[in-house]
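Step one of this worksheet: look at the structure below.
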């Protein structure tokens, strides 16, 4: 696997950052979470004047072999149909990107359909979907490495355009299944607590999904035993869009880019990234806690405080995009708010 040179943010800057925040013309701490966000972004970028220039949103599409086991209420053709819909500007992700000024990159890394005739879809296809991890590894080591490299390369393309803030979304029917397994493995949480409704399964569907994933884990442990690396778990159960997202998160952290983490699936990818490189968490802002069972539990594993809880379960990175104005406000506070001395106001605390 490609290696990344990721270091914790330089905490020696904290005192001067908080000195600036505390001297803005407001009661100390009165802007609450915005102050915490501003401090984090200053640390990420190593400056007292942070920037969210050229925000970029990666929308990564891929299909999953495990979908063949009926673990999703939606059929796999919805993946490619939605990818085409995104090119026409008709998705939720399109609306929010337009609203908040994000450049949207729609990327096919593993959709089980030929999308090559759509020029607005970036073709980075690794294969037409993963294999069914109920019976075999979802991907080979070569495919896994290709996905990591693809994510890293996509971030480099964003950085070349001046990007300082990145959000990532996914489109892949069935991808809550690998996310649930990763949550169980990396969080040491019983699988039953990690399996939810996904896009809308009923109770019987959730039970079936759990039984399929339980059997997949049992099959894996029978063949591979207990001695496995993080990479083993990622490649055996992951999706191409999910591994690509991990590569993107790690490269963004390496390059001191602010990373906006969306809902259940992207939180699972963040958890995997942190398992590989713990320092990568310093660069992540967790934007939304969804209604998928176990999502809050997964956020608790990394002691994350999500900005929003709107009951979203669309995916596509929409939670991250919805939270962006709050993050923008934190940066504007840092750059545009006057201080007591310049405003000639008596410091009243």
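Read the figures in this text as sums done on the coordinates, not as results from a lab. Note that the coordinates shown come from a computational prediction; the quantities given were computed from them, not determined experimentally. Methodologically, a virtual Cβ is constructed for each residue, glycine included, from the backbone with ideal geometry; neighbour enumeration extends over all protein chains shown.
For a modelled paramagnetic label at residue 87, 7 Å from Cα along Cα-to-Cβ, the residues of segment 110-149 in reach, with backbone nitrogen under 11 Å, are 114-123.
Would you mind pulling out the separation of the Cα centroids of segment 306-336 and segment 6-33, in Å? About 20 Å separates the Cα centre of segment 306-336 from the one of segment 6-33. The residues 337, 183, when put in order of fewest to most other Cβ atoms within 10 Å, stand as 337, 183. Put a dot 7 Å past the Cα of residue 7, heading toward its Cβ, do the same for residue 218, and the two dots end up 4.9 nm apart. The separation of segment 46-62 from segment 115-168, counted between C-alpha centres, amounts to 18 Å. Compared with the dominant principal axis of the Cα atoms in the chain, helix 318-336 is inclined by about 20°.
Which whole-number percent gives the relative contact order of the chain, counting Cα pairs below 8 Å spaced six or more residues apart?
Reported relative contact order: 26 percent.
Between residue 114 and residue 305, the contour length at 0.36 nm per residue exceeds the Cα-Cα span by 64.8 nm.
Here the calculated FRET efficiency for residue 142 and residue 188, from their Cβ-Cβ distance with R0 = 30 Å, stands at 0.50, rounded to the nearest 0.05.
Just rank 135, 210, 236, 220, fewest to most, by other beta-carbon atoms within 10 angstrom. Before the final figure, lay out the partial values.
Details: 135 12, 210 18, 236 24, 220 21.
Ranked by crowding around the Cβ, least crowded first: 135, 210, 220, 236.
Taking the DSSP beta bridges with both ends in the chain, the antiparallel portion is around 5 percent. Only helices enter this figure: runs of n ≥ 4 DSSP H residues, each worth -39500 (n - 2.57), summed and divided by the residues of the chain, yield -14500 deg cm²/dmol at 222 nm to the nearest 500. Each residue in 274, 243 was given a count of other beta-carbon atoms within 10 angstrom of its own, and listing them fewest first yields 274, 243.
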